[in-house]
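Below is one structure, written out as structure tokens; the observations come after it.
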Amino acid sequence: MIRTATPADVPAIHAMVRELAEYEKALHEARASEEQLHEALFGERPAAFAHIAEAEDGEPVGFALWFLNFSTWRGVHGIYLEDLYVRPDRRGGGHGTALLTELARICVERGYERLEWSVLDWNEPSIAFYRSLGALPQDGWTVYRLTDDALGTLGKAE
């Protein structure tokens, strides 16, 4: 079952974010607190949204955390999927497909024309899964990121 996350889900989402970061060999970079996730998802101005995949007993076994982006070429919003995670012992049960299906449904319902995400180039199981759904890599594009000192330096430039 897929449902919209509630504030009561924040501890489970936080735990799964950390599990995902560990899987991606970057646990040291996962600094977000439960309070920060709560504010981003349920604060005065939510900037992110989440859906939960539940097992039959109601236990959260996966999540999708996303936000809106905008295509200047298409002139409409889209969804950027920040994280998709299903706990390893629950993979293969259709939870990941169900989460992506729900996000695709939201796109279609709202007139959004893109559902996008990034995947690590070494994550072959995820790449194969995404390709099986019809997703295509965007060859020729490289992600750039400013963080920490570089972001601070540029942000203070005059």
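The values are calculated or read from the model by the stated rules, or taken from the named source; none is laboratory data. Every value quoted in this text rests on a predicted model; they were computed, and no experiment measured them. Every residue, glycine as well, gets a Cβ built from its backbone with ideal geometry; the counts of neighbours run over all protein chains shown. Ligands, DNA and RNA are excluded from the accessible area calculation, which covers all protein heavy atoms including side chains. Shrake-Rupley method; radii C 1.70, N 1.55, O 1.52, S 1.80 Å.
What to note about this one:
- Members of the stretch 121-158 found to be more than 30 Å from residue 92 (Cβ to Cβ) and in a helix (DSSP H, G or I), listed by number: 148, 149, 150, 151, 152, 153, 154, 155
- Filtered by the rule that a residue be open to solvent by less than 50 Å² (accessible area, probe 1.4 Å), modelled with pLDDT of 95 or more and over 19 Å from the mean Cα position of the chain (by Cα), the stretch 56-78 gives 75, 76.
- Scan of the stretch 5-36 for residues that are in contact with a helix residue (DSSP H, G or I) (Cβ under 7 Å, 6 or more places away or on another chain), open to solvent by less than 40 Å² (accessible area, probe 1.4 Å) and closer than 25 Å to residue 148 by Cβ, ordered by number: 13, 14, 21, 30
- Sub-6 Å Cβ pairs linking a first residue in the stretch 23-51 that is farther than 12 Å from residue 10 by Cα to a second residue that is of a type in the set (Gly, Ala, Ser), at least 6 apart or interchain, are 27/21; 30/21; 47/40; 48/40, ordered by first then second residue.
- Candidates 153, 147 - the one that is surrounded by 10 or more Cβ atoms within 10 Å (Cβ to Cβ) and not acidic (Asp, Glu): 153
- Qualifying positions in the stretch 81-114 - open to solvent by 50 Å² or more (accessible area, probe 1.4 Å) and of a type outside the set (Asp, Glu): 88, 90, 91, 92, 93, 97, 101, 105, 108, 110, 114
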